[in-house]
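Computed from the coordinates by the stated procedures, all read-outs in this text should not be read as laboratory data. In this text, all values refer to a predicted model and were calculated from it rather than measured experimentally. Positions of Cβ are generated from backbone atoms using ideal geometry, with glycine treated the same way; all protein chains shown enter the neighbour counts.
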Amino acid sequence: MDNNIPKHVAIIMDGNGRWATNRGLKRSEGHKQGSKTLEKLAIYAINSGVKYLSVYAFSTDNFKRTKEEVDYLMNLFILMFKTKFKKIDKENIKVVFSGRKEPLNKDVLEAMNIITEKTKNNTKGTLNICLNYGGQEEIVDASKKIIEDVNDGKVNAQDIDKELFYKYLYQDLPPIDLLIRTSGEYRVSNFMLYQMSYSEFYFTDVLFPDFDENEFNKAIDSFNSRERRFGKNK
Ligand code: IPE
Ligand code: IPE
Ligand code: MG
């Protein structure tokens, strides 16, 4: 692998349901397998030098799924954050969350707090888990916070620019360098709209549970073959 490792990688972890259905299993089995893939991948990516890894775990719109699937996912999150993420902590990875609290239930919020607290002083890299997350919602919520600060006299409306706006997003993260979406879908599904303005996109047909270290390296190699211009001449 080339040693130019992107600082901020984001992954739309898609295809869990199809992975399971293809095997004659329940969709929930795909989510369970996806959670194992996530744990391994986060450790691998951050040990490879990625400083920020953002992952789309559950969108605000995913609440429109069946109650059975939503309940399964919420319980899986609780299990992951309360017990399964021990290795993430041991690997010195800090876990943060992006998204709205409402309407997550208190058990999920408690599990999120536990892993956040446990890992808050970890320094090797940050795993940003987008849970009950929407990109437009994030921009709306940031705008409301800025308006509050302007009204309180803490910020001058004239001083609002795109750098300052970053500070009002759910987490203070740098722009996304590389955005990966698995499962052959070519859309962003309301992921990190503000942070992806100059991201390189990598799409693969591989379903998320099968997205292993080798597949990750292919994405990094592809990133390294791109020429980023940021609007400048060649
Ligand atoms: C992604 O896999 C995980 C979540 C959205 C929680 P999907 O559940 O969307 O899997 P497909 O797209 O139905 O295969
Ligand atoms: C996006 O995947 C959300 C997550 C990966 C958590 P979806 O499967 O919900 O997206 P659509 O419905 O195909 O656009
Ligand atoms: Mg999907």
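Here are a few things to note about the model shown:
- In the stretch 161-174, the qualifying residues are those that are in contact with a helix residue (DSSP H, G or I) (Cβ under 9 Å, 6 or more places away or on another chain) and surrounded by fewer than 16 Cβ atoms within 10 Å (Cβ to Cβ), and the one that is nearest to Tyr202 (Cα to Cα) is Pro174.
- Filtered residues of the stretch 175-201 (kept if hydroxyl-bearing (Ser, Thr, Tyr), away from ligand 1 (no atom under 16 Å from the Cβ) and surrounded by fewer than 20 Cβ atoms within 10 Å (Cβ to Cβ)): Tyr194, Ser197, Tyr198
- With respect to the conditions (1) within 16 Å of ligand 3 (Cβ to nearest atom); (2) of a type outside the set (Val, Ile, Thr); (3) over 29 Å from Lys124 (Cα atoms), Asp71 lacks only one, and its number is (1).
- Residue list for the stretch 8-35, filter: under 15 Å from Leu127 (Cα atoms) and away from ligand 3 (no atom under 11 Å from the Cβ): His8, Val9, Ala10, Ile11, Ser35
- When the stretch 43-67 is filtered for residues that are more than 16 Å from ligand 3 (Cβ to nearest atom) and within 20 Å of Leu104 (Cα to Cα), the ones remaining, listed by number, are Ser54, Lys67.
- Any chance Val50 is more than 7 Å from ligand 1 (Cβ to nearest atom) and in a strand (DSSP E or B): no
- Here Phe203 qualifies as within 16 Å of ligand 3 (Cβ to nearest atom) and free of Cβ contacts under 8 Å to residues at least 40 places away in the same chain.
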